[in-house]
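Written out below as structure tokens is the structure these notes cover.
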Amino acid sequence: PSAQPDLKLNWNIFGETWNVISMVQQRPEVFQAILGVSWFWLLGVVFVTQIPLFTFDSLRGSEAVATIIFALFSVFIGVGSVFCNKLLKGTVSVKYVPLACLLMSVFMIDLYFAAGSASSISVEGQTTTLGALLSSFHGLRVLFDLSAVAFFAGLYVVPLFAVMQTRTPYYLRARTIGANNIINAIFMILATFASGFLLAMGF
């Protein structure tokens, strides 16, 4: 059955967008969780859009290297998400979110230095193969850092989704998830434009 059968639909897209965002702002814990999830998607867009450039320009890697990086990133977000449930034993808590965020940052910083070292693997004018990357300490360090960022991203985001859903009355839950999707999209668009601008500036 409908959770709120007396709800009147507002066909004004812009007005209703404002209404649902205002609605979630009335519950600070839920709104903060949504902002946290949106930050996850902002970072996700930056990482996913940069992986081909990172692979071909920084690592001078082949398409197989780009594929394994995408695969590791996807798999370890899933592993981190599953581990989060084991760690919290089914309870809804954000106690590990700050630690996960901190460790994501640590491994992103190390990835910056690891990528600089890994560029030395390639021979001038030749593409770095997956085998060459896996047989090098610097290459393994890059893959480990990327896997760690993804793992802690999964550990970071799952409790925020849980808070968003459990701290919202059931009859507002669908609109809360809708508001989350809208704010996620805004952050993702900002990430796309910011990445494009920084690339155009030569970063």
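The values are calculated or read from the model by the stated rules, or taken from the named source; none is laboratory data. Since the structure is predicted, the reported quantities are computational estimates derived from the model, not experimental observations. Heads up, the Cβs are rebuilt from the backbone with ideal geometry, glycines too, and the neighbour counts pull from every protein chain shown. Surface accessibility is based on the protein's heavy atoms, side chains included, excluding ligands, DNA and RNA. Shrake-Rupley method; radii C 1.70, N 1.55, O 1.52, S 1.80 Å.
Principal-axis analysis of the Cα atoms of the chain puts helix 28-53 at an angle of about 30° to the longest axis. On full extension, the segment bounded by Gln25 and Asn181 gains 54.7 nm, given 0.36 nm per residue less the C-alpha separation. Compute the length gained on full extension between Ala174 and Asp57: take 0.36 nm times their separation in residues and subtract their Cα-Cα distance, giving the result in nm to one decimal. Stretched out fully, the Ala174 to Asp57 stretch lengthens by 37.9 nm. The H on the amide N of Gly61, modeled in the peptide plane, is under 5 Å from the matching H of Phe56, Thr128, each at least 5 residues off or on a different chain. The sum of -39500 (n - 2.57) across all DSSP H runs of n ≥ 4, divided by the residue count of the chain, sets its helix-only mean residue ellipticity at 222 nm to -25500 deg cm²/dmol. The C-alpha atoms of the stretch 114-203 occupy a region whose extents along the principal axes are 60, 31, 16 Å, arranged from largest to smallest. Rolling a 1.4 Å probe over the protein heavy atoms of the chain, with every protein chain left in place, gives an accessible area that is 70 percent carbon and sulfur. Note on the chain: with a GNM built from Cα contacts shorter than 10 Å, the maximum mean-square fluctuation among Ile186, Ile69, Ile34 falls on Ile186. Over every Cα atom in the stretch 64-112, the radius of gyration and the widest Cα-Cα span, Dmax, amount to 13.2, 40 Å. In order along the stretch 89-96, phi translates into HN-Hα couplings of 6, x, 7, 9, 8, 9, 5, 9 Hz, rounded to whole numbers, per the Karplus curve 6.51 cos²θ - 1.76 cosθ + 1.60 with θ = phi - 60° and x for Gly and Pro.
Evaluated with a Cβ-only charge set (Lys, Arg +1; Asp, Glu -1), the chain carries a dipole of roughly 680 debye about its Cα centre, given to the nearest 20.
Calculated accessible area for the chain comes out at 58 Å² per residue, all protein chains present (probe 1.4 Å; ligands, DNA, RNA ignored).
Legend: P(r) of the chain from all alpha carbon pair distances, 5 Å bins from 0, whole percents, reading 1, 7, 13, 16, 16, 14, 11, 9, 6, 4, 2, 1, 0, 0.
Normalised by the number of residues in the chain, the mean separation of alpha-carbon contacts (under 8 Å, six or more apart) gives a relative contact order of 38 percent.
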